Amino acid sequence: MRLGILQCDSVRPELQPEFGDYPDMFQRLLTTEAVQPEFRVYDLTAGKFPESPDECDAWLFTGSKWSVYDPDEWIARAHEFARELHASRQPTVGICFGHQLISRALGGRVEKAPIGWGVGVHTAGILRHEPWMQPDRDKLSLLVSHQDQVIEPPEGAELLAGHEFCPHDMFRIGDHILTFQGHPEFGPGYSQATMDMRRDTLGEDTYRAGVASLDNSIDPDVAAAWIHSFIARACGETAD
């Protein structure tokens with residue numbers, strides 16, 4: 001399987017020696033003994049876009065420090081490519097910024113949340129159990145880092161998970177789009193490092209609560225298994 005990583009930002013240079021860049025994180029997350037995709041990376045921020053939606057078998061939009069409503073040209077092009085992927089029913093996953101980008105591209109509304117920054121470990125309750133969501137869980141805990149949120153999902157979105165801080169935390173559209181507000185690719189060390197760098201921006205209370213939450217367990221392997229299974233089904237393969 002060819003998985004196209006649509007890179008919407010880069011890890012800060014001083015953190016890359018320890019944590020790698022965002023495509024590295026997703027390659028670690030999504031490569032297992034049983035599943036070893038062929039990854040192709042497209043740096044959208046540098047204007048490197050795929051020539052067509054069928055250039056890869058499946059696609060993943062990464063997170064970003066940008067907002068999806070920023071006026072940058074590459075963001076407008078990313079919206080258009082998300083619409084192309086939807087129109088052609090290409091298997092597509094969106095993470096954080098990618099979750100918000102797909103939502104906005106397809107008619108949803110994204111804004112800075114009045115509740116402020118979300119950082120550290122957040123736990124969403126599963127609202128709908130799908131056959132591909134194996135192992136089955138009633139909750140999913142992931143690391144988060146965001147100010148913006150999907151305020152109104154696009155038409156046709158099926159809400160799969162949410163919580164008080166972020167009600168529209170995870171949804172699917174049809175059988176070909178799956179999005180998460182959380183970051184299954186993040187580890188606690190990287191989350192700590194980003195919070196340390198943003199301490200003044202976050203405010204002391206949010207920073208301390210976020211750091212304290214890192215003692216809680218997270219479920220990146222569960223999210224990765226769901227992504228694999230969802231893509232396999234969307235590609236017409238058999239997924240256990």
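Report, in order of residue number, the helices in the chain meeting two criteria: a C-alpha extent of 15 Å or more along the helix axis, and a mean Kyte-Doolittle hydropathy of at least -0.5; treat each whole DSSP H run as one helix. Before the final figure, lay out the partial values.
Values: long enough: 73-87 (21 Å, -0.57); 220-234 (21 Å, 0.70).
Span-like helices, by this rule, are 220-234.
Nothing charged except the Cβ atoms of Lys and Arg (+1) and of Asp and Glu (-1): what's the magnitude of the dipole of the chain about its Cα centre? Round to the nearest 20 debye.
260 debye
How big is the charge dipole of the range 141-240 about its Cα centre, in debye rounded to the nearest 20, if each Lys and Arg gets +1 on its Cβ and each Asp and Glu gets -1 on its Cβ? Write out the running numbers ahead of the final one.
Working: 5 positive and 17 negative charges, 31 e Å.
Around 140 debye, computed over the range 141-240.
Take each of the peptides 184-191, 105-112, average the number of other beta-carbon atoms within 10 Å over its residues, and list them starting from the highest. All intermediate terms of the calculation are to be shown ahead of the outcome.
On the way: 184-191: 19.9, 105-112: 17.8.
Ranked from most to least packed, the peptides come out as 184-191, 105-112.
Take the solvent-accessible surface of the protein heavy atoms, probe 1.4 Å, and return the percent of it on the chain that carbon and sulfur atoms account for.
Working: 4780 of 10780 Å².
The C+S portion of the solvent-accessible surface of the chain is 44 percent.
So what's the convex hull volume per residue for the Cα atoms of the range 89-164, in Å³?
Working: hull volume 8.1 nm³, N = 76.
Per-residue hull volume (Cα only) is 106 Å³.
Using only alpha carbons, build the gyration tensor for the chain and give me the equivalent ellipsoid semi-axes, biggest first, whole Å. Present the calculation step by step, with values, prior to reporting the outcome.
Details: eigenvalues 122, 81, 70 Å².
Each semi-axis is √(5λ); the values are 25, 20, 19 Å.
The values are calculated or read from the model by the stated rules, or taken from the named source; none is laboratory data. Computed from a prediction, not measured in an experiment: that's the story for all the values here. So basically every Cβ, Gly included, is an ideal-geometry build from the backbone, and we count neighbours across all protein chains shown. In case anyone asks, the SASA skips ligands and DNA or RNA and just uses the protein heavy atoms, side chains included. Shrake-Rupley method; radii C 1.70, N 1.55, O 1.52, S 1.80 Å.
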